[in-house]
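Each reported figure results from applying straightforward, stated rules to the coordinates on display, with no laboratory input. Please read all numbers here as calculations on a predicted model, not as lab measurements. All Cβ positions, even for glycine, are placed from backbone atoms using ideal geometry, and neighbour counts span all protein chains on display.
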Amino acid sequence: MCGWLVAMAAAQENPAPGGKVVERTSAGPAVFPDSHAGQCAGAFVEAFNSGDKNQMRAFEESHRAKSALEQRPMEDRLRQYEEMKADWGKITLRDVVGTAERELTALLHMSRPDALFEFRFVFEEQKPFGLHHIEIQGPVTVDIGGGAGEPLSSEFRKSTVGELATVLENNYVFPETGAKMAAMLREKAKSGAYEQVESPSVLARRLTDDLRGVCNDKHLTVRPGALPDLQGGGPMRRRGTPDDARRDNFGFRKVELLPGNIGYIRLDEFHPSDEAKQVAAGAMAFLANCDTLIIDLRQNGGGSPEMIRFLSSYLFDKPTHLNSFYDRSNNKTEEFWTMESVPGKRLGEKLPVFVLTSKYTFSGAEEFAYNLRNLERATIVGETTGGGAHPVTAMRINDTFSVMVPHARAVNPITKTNWEGVGVKPHVEVSASEALDKACELAGTRKP
């Protein structure tokens, strides 16, 4: 869902320009900073709480990036705001965790279900630095410094860092890197680097930044609060419930025939359920007689390898090795091949396929594009993707913190490597906002 990426698992993050992130340490009521990002976040909260469609429309027109507006109709956005307002009630700023001129992470309290969530406002890197989307993680079950919760004690901070070091040492997909991260954490704790941090959210962000300074793994995330629900993979929904997945049509946001008999699927998530496979089968049946297929992953943050396998199977006529995953936890490698049979008709290997990507395409969505690219089964059009290739598991550090630990890695049967840290490079490089038009143009010029 373009504009709203609500994470129950690891969210993709692209560093925004605008200076070093600083932490709010002053006591008293939290306020948004007087910056580009702060003004946008404040306008969002005001418009959301108003419940007025015209005010929300004005917010979108004033602050949303043009590329994002082009990818999703305004009425669709406004309907989603109405749903979220009904679900959440009023939202209130509790703390600004990190801020720069064009980056902001804040904790917002929702009156329903009376819980804290972390909102990260992500902006485009080119002028006028429009809001691309909002990543929402949670619920956060602990309060923040200056709120109702008690500040973290020195002993608890040291214990947290020590437990985190042990978890990474024993579970991170690359043992050598896990050992380096553990050594770094212990050295920083010994030198007192975290002694002034009293807020769980600030400590979680600081630890995450320090760890990524060693491994640059965008899946690796320390979080305050309970273990997140990993159902479905990457950034996706407002909640992790089956009903929310149903209301989002299991990630299938649009399926249609474009002029020239071009089939088009906008897929925002690779959902793992049997219900999602039924929707996928229906989409492929609807497009079974198209002359070209475009699969739009520009707003897809990932998901299930099984769903990737299911959808990919419609594009091949014979058994094909798509990808493999090595898992450190059991020291085994699992191969993913296309399925022997699929519901309905295969579209087959001769059908021209285009996959649209953006820099926000992440994780499982990158796998789908990477697999088809290396099998020479699709033309990738758009931007280089986010660069996250490691499946994760949520692990408990203590009652206050958890960590998303990458425990496995993709091993492509052709390249013998993956897209971690580098992303998937498109065949045809254009801005995300131009990708669909470019793919249609290419489809129209292809010879039968």
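Points to keep in mind about this one:
- Net lengthening on full extension, Thr166/Asp34 (0.36 nm per residue, minus Cα-Cα): 43.5 nm
- On full extension, the segment bounded by Asp52 and Lys350 gains 102.3 nm, given 0.36 nm per residue less the C-alpha separation.
- If only the Cβ of Lys and Arg carry +1 and only the Cβ of Asp and Glu carry -1, the dipole of segment 154-224 around its Cα centre is close to 120 debye.
- Proximal charge balance of Glu60 [Cβ under 14 Å; K/R count +1, D/E count -1]: 0
- Chain lengthening between Arg246 and Lys190 when straightened (0.36 nm per residue, less Cα-Cα): 15.3 nm
- Amide H to amide H, with H built 1.01 Å from N, Gly303 comes under 5 Å of Gly234, Phe270, Gly364, Ala365, counting only residues 5 or more places away or on other chains.
- Placing +1 on the Cβ of every Lys and Arg and -1 on the Cβ of every Asp and Glu, with nothing else charged, gives segment 293-448 a dipole about its Cα centre of roughly 300 debye.
- Using the empirical formula 2.2 N^0.38 Å as the baseline, the Cα radius of gyration of segment 270-324 reaches a ratio of 1.16.
- Mean separation of Cα contacts under 8 Å, 6 or more apart, over the residue count of segment 240-337: relative contact order %: 23 percent
- Pairwise Cα separations in segment 154-224 fall into 10 Å bins from 0 onward with the following percentages, short to long: 21, 60, 18, 0.
- Annotation for Ile414 and Glu82: the two label points, set 7 Å from Cα along the Cα-Cβ direction, are 4.5 nm apart.
- For the listed peptides 55-62, 401-408, 67-74, 418-425, a ranking on the average number of other beta carbons within 10 Å per residue, highest first, reads 401-408, 418-425, 67-74, 55-62.
- The modelled label-to-label distance for the pair Glu75/Glu376, using points 7 Å beyond Cα in the direction of Cβ, is 4.5 nm.
- Note on segment 307-448: Cα-Cα pairs beyond 19 Å make up 57% of the total pair count.
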